[in-house]
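The values are calculated or read from the model by the stated rules, or taken from the named source; none is laboratory data. Since the structure is predicted, the reported quantities are computational estimates derived from the model, not experimental observations. Cβ sites come from the backbone with ideal geometry, for glycine too, and all protein chains shown count toward neighbours.
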Amino acid sequence: IALAYDEAMEMNPLVESRLKMLVDIFKPHIYFLRVVPVDGHVSIPDTIESINYHAALVSTAYSFHLVKNDDVTEGINQFVLENQVDLVVMMPREHTFFQRLFHEPKTRNMAFHGNQVLMAIPGV
């Protein structure tokens, strides 16, 4: 499972319970995946500190990955193909009217242009 996230992601109880359910059923390896701009200056320790993970990961293998790509969908698709990921998990956010008007939400873009099954967990 590739769990795509950004700097604003927090593991709220709903997201954590859904992730724990997937872990209990499938016993997957979870790839925490963050796509950053090519000129971005983000490190793995920064990404680890931005996620509050607890009970959901006690019994599973996981790893953190950075993909440098200016297009989030393209970066996720690249990672999915290289690592033979079976499921991509994203947490869509609420967008204002003007945000929806001027740019396409990343989760929606991934749903239409992704190479893999997408699970969207609302609540972020």
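Of the helices (runs of 4 or more DSSP H) contained entirely in region 56-124, those carrying at least 3 residues that are under 20 Å from residue 19 (Cα atoms) and at pLDDT 65 or above fall at 72-83.
Whether any residue in region 6-21 is in a loop (DSSP other than H, G, I, E, B), exposed (fewer than 15 other Cβ atoms within 10 Å of the Cβ), over 15 Å from the mean Cα position of the chain (by Cα) and modelled with pLDDT under 90 is what I want to check. No, there is no match, as no residue in region 6-21 is in a loop (DSSP other than H, G, I, E, B), exposed (fewer than 15 other Cβ atoms within 10 Å of the Cβ), over 15 Å from the mean Cα position of the chain (by Cα) and modelled with pLDDT under 90.
Return the residues of region 18-34 that are touching a helix residue (DSSP H, G or I) at 6+ places or on another chain (Cβ under 8 Å) and of a type outside the set (Phe, Trp, Tyr); say none if nothing qualifies. It would help to see each step written out before you state the result.
We begin by selecting, within region 18-34, every residue touching a helix residue (DSSP H, G or I) at 6+ places or on another chain (Cβ under 8 Å); these are 19-20, 23, 28, 30-34.
Matches in region 18-34: 19, 20, 23, 28, 30, 33, 34.
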